[in-house]
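Take a look at the structure below.
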Amino acid sequence: KDASVPIESLDQLSKTSMPLCMRMCHDHIRSQHHIKHGGRMQYGLFLKGIGVSLEDSLRFWREEFTKKMDVDKFARSYEYNIHHNYGKKGSMVNYTPYSCMKIIKEMAAPGDCHGCPYKSLDPPTVKAKLAAYGLSPGAIEEVMFFVTRGHYQFACGKYFMLTHNSNVEPTINHPNSYFEESQILMG
Ligand code: SF4
């Protein structure tokens, strides 16, 4: 895939085309200038998958993290992992962005911003989040119908429909395909 998504567009893309799990990671980094390892993996690999280059990734994480730490500490503690995710260091494995199944099953960490929020947050917090992101009370109820029944990916598909004025509810298996579907609809 072409490395064609500049990090300057991430604030906008997080609002229009990222599923809740990634939008929340993005917001967390912007507001806290830090995110724990699980979130760096979840969001970092997602960014790679949508086409953010290694150089831009390094710049994104460095610009945020160095609001709270010096550049040397960032270089020592975090740069290696970013290279690693892009397969440039260590095992040279090209790490794949996480699927919904992996995020739902393995990334749930109460009190942390990563994981699938439909599962890891309690329902009132999901509601508040959806309201803060501009969904009407009726739309929130449509999403919550699935959340409360444990159908997180259906909830995510409903959120997609409602935020894209789409008549079709897509099947959501992967945050990166959510993003791609969104980009297609947005033309
Ligand atoms: Fe993310 Fe998948 Fe959960 Fe949607 S269903 S928020 S894409 S993990």
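General remarks:
- Residue in the stretch 147-169 that is of a type outside the set (S, T, N, Q), under 22 Å from L10 (Cβ atoms) and surrounded by fewer than 16 Cβ atoms within 10 Å (Cβ to Cβ) present: no
- Looking across the stretch 143-161, the residues that are among the hydrophobic types (A, V, I, L, M, F, W, C) and within 13 Å of the ligand (Cβ to nearest atom) come down to V143, F146, V147, F154, A155, C156, F160, M161.
- Within the stretch 168-187, if we keep just the residues that are more than 12 Å from the ligand (Cβ to nearest atom) and of a type in the set (A, V, I, L, M, F, W, C), the residue that is farthest from M22 (Cα to Cα) turns out to be V168.
- Residue among G44, G38 that is out of contact with any Lys or Arg (no Cβ under 6 Å at 6 or more places or on another chain), in a helix (DSSP H, G or I) and surrounded by fewer than 23 Cβ atoms within 10 Å (Cβ to Cβ): G38
- Any hit, the stretch 117-130, residues being acidic (D, E), touching a residue at least 12 places away in the same chain (Cβ under 8 Å) and more than 11 Å from the ligand (Cβ to nearest atom): no
- Looking at D56, D11, just one residue is out of contact with any Pro (no Cβ under 9 Å at 6 or more places or on another chain), assigned to a helix (DSSP H, G or I) and away from the ligand (no atom under 13 Å from the Cβ), and that residue is D11.
- Some residue of the stretch 120-127 being at pLDDT 90 or above and β-branched (V, I, T): yes
- Filtering K88, K68, K105 for residues that are within 16 Å of the ligand (Cβ to nearest atom), loosely packed, with under 13 Cβ neighbours inside 10 Å and farther than 18 Å from S4 by Cα leaves a single hit, K105.
- Selection of the stretch 145-170 for residues being touching a Lys or Arg at 6+ places or on another chain (Cβ under 7 Å) and not acidic (D, E) yields F146, Y152.
The values are calculated or read from the model by the stated rules, or taken from the named source; none is laboratory data. Predicted, not measured: the structure shown is a model, and the values here were computed from it. Don't worry about glycine lacking a Cβ; one is built from the backbone with ideal geometry, like all the others, and counts go over all protein chains shown.
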